[in-house]
Amino acid sequence: MIDVAAKYAHPEVLAFWQQFGRKGLQVAEARMIQLYAPSPARVLDLGCGSGRAGLALAPRGYRVHGLDITWEMVCAARAAYTGAGLVPDLLQADARALPLQASSYDVVVVLIAALQHIAGRPVRQKAFAEIARVLRPDGRLILALDNVAPALYCYLWWGWRRLQKGPTNVSKAQSTAAPADAALTENRGQMSGLSWHVRGLLRTLRWRTWTGIVDALQRAGLLPGEPGDTHIKQVSLRPTPGDVYYHIYDHEELIADAAAGGLELLGYHSGRELAEGRAFGLRARQLDKQLFYAFERVRETRTIV
């Protein structure tokens, strides 16, 4: 296993995120921000990578400050900001100890699962407390999580909705896809839709079954670590050398961790339902591959040592 900062400094990973940074927001990301954090607002882009969120939000009236643990990503974001005619407001720092003033942001955005690279539940709770500290009273956190693969239940739900609604919704969603969404699905290549979903089902069964077994053994104390802990190679679509720590959050666990840090839930959605503009059942929503949460800072923040 390698350090998270070293993983994202890998030339292939860095090159992907530099390219992806020019694609703008995903449809689901844009709708989530529109719903819970309309402009104007002062935004902290936590885990900013190559500056994708800042490049997309600055022209919409947001004042964006970017922060990332990987120096190479900060440099890439600075170059992208300068190339777009924006003044870089970027910093290399760790989410567990933000070198920022309290109550200084209206919104914190954490996209592409940055918090899931933090090992240890108490440490993740401290990161939530740091986010709450830098938010103004009633300030909001927009958090994206990646579950690696959706649950089998989600495939059954999507299949049932497809039978109910017919194929037109799928083609409509594809025709309105943002460049960022298209970039994240380029690796489909020449695969047919059926082949793609068969592969997705197999991946779902592998990930969900295996991680479920590991989680059960960890709860029983037969394996070290916490339920949800895993390691992945893929942070840029294609696998790159070295495993990196990754935590697959349980819905209730996430709500509890955010509350421990001083944040209360406003709402949550699956990426797919945001992109398609329709509501899913609660279980399908919680077990989708990509999840979006909105939290609000409670009036009194909490210190976690």
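Worth a mention:
- Distant-in-sequence amide H partners of Leu91 (H built 1.01 Å from N, under 5 Å): Gly66, Leu67, Asp68
- Of all aspartates and glutamates in the structure, those lying under 18 Å Cα to Cα from Lys233, and not within fewer than 8 positions of it along the same chain, are Asp3, Glu12, Asp146, Asp243.
- Ordered by the number of other Cβ atoms lying within 10 Å of each residue's own Cβ, fewest first, Arg96, Arg272, Arg299 fall into the sequence Arg299, Arg96, Arg272.
- Rounded to 0.05, the FRET efficiency of the Leu202 and Gln101 pair, given R0 = 45 Å and the Cβ-Cβ distance, is 0.40.
- Backbone HN-Hα couplings from phi across the range 53-60 [Karplus 6.51/-1.76/1.60, Hz, Gly and Pro as x]: 5, x, 4, 7, 8, 4, x, 9
- Packing-based exposure ordering (other Cβ within 10 Å, fewest first) of Glu12, Glu253, Glu296: Glu12, Glu253, Glu296
- Size descriptors for the range 1-87 (Cα atoms only): Rg and Dmax, in that order, 13.1, 41 Å.
- Around the amide H of Ala178, modelled in the peptide plane, lie the amide H atoms of Val27, all under 5 Å away and 5 or more residues distant in sequence or on another chain.
- Residues Thr82, Thr70, Thr230 arranged by fewest to most Cβ contacts within 10 Å: Thr82, Thr230, Thr70
- Amide H partners (placed H, <5 Å) of Gly139, local residues excluded: Arg297
Only the coordinates and a few stated rules stand behind these numbers; no lab work does. The shown structure was predicted, so the numbers you read here are calculated from the model rather than taken from an experiment. All Cβ positions, glycine included, derive from the backbone under ideal geometry; neighbour counts span all protein chains shown.
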